[in-house]
Amino acid sequence: MKVKKNDTVLVLTGKDAGKTGKVIGSDPKANKVKVDGINVQKKSRKARKANETSEIVSQVGAIDASNVMVVCPACNKATRVGHTVIDGKKVRVCKKCGASLDVAPEAKKAVKKAKAATEAKETAPKKRATRAKKTDKTEQGE
Ligand SMILES: [Zn+2]
């Protein structure tokens, strides 16, 4: 299947045509995908037990994978998916700009590292700017 979980896709047909969303689930056997916020169906659920309340439940319905196009994270365009082999691994590439649509494991690690670094910075104690005050005092004393 050309569409994978966490891909951003453009919907081509149906009531949500033209919308984009993130793939939250896929069913390769049926060639169907579930896209966040797309084909939301409302179902009313009746209370069956004493402690339940009747409610309307919104749930995302599966749509055919052939009705969506992957949006390339590099060029931000809906594109057809090409394939190439990098380091012995088959990866999906954007047919428009050639960028990989699959995040390489190394890149994922780098993202994690960067995240950890920023978190460390935030927790580090901040230096207090007391120097300016001290110099003022010595000037007054003279
Ligand atoms: Zn692209």
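The values are calculated or read from the model by the stated rules, or taken from the named source; none is laboratory data. These figures come from a predicted structure and were not determined experimentally. Positions of Cβ are backbone-derived with ideal geometry, glycine not excepted, and every protein chain shown enters the neighbour counts. Accessible surface is based on the protein model in full, side chains and every heavy atom, while ligands, DNA and RNA are left aside. Shrake-Rupley method; radii C 1.70, N 1.55, O 1.52, S 1.80 Å.
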Task: Subset of the range 56-101 (residues that are more than 16 Å from the ligand (Cβ to nearest atom) and open to solvent by 60 Å² or more (accessible area, probe 1.4 Å)) - done: I56, S58, Q59, S66, V85, D87, G88, K89, K90
- [ ] Might you let me know whether the range 57-71 holds any residue that is modelled with pLDDT of 95 or more and within 14 Å of the chain's Cα centre (by Cα)?
- [x] yes
TODO: Using the structure shown, decide if G37 is in contact (Cβ under 8 Å) with a residue 24 or more places away in the chain, assigned to a loop (DSSP other than H, G, I, E, B), of a type outside the set (S, T, Y) and in contact with a strand residue (DSSP E or B) (Cβ under 7 Å, 6 or more places away or on another chain).
DONE: no
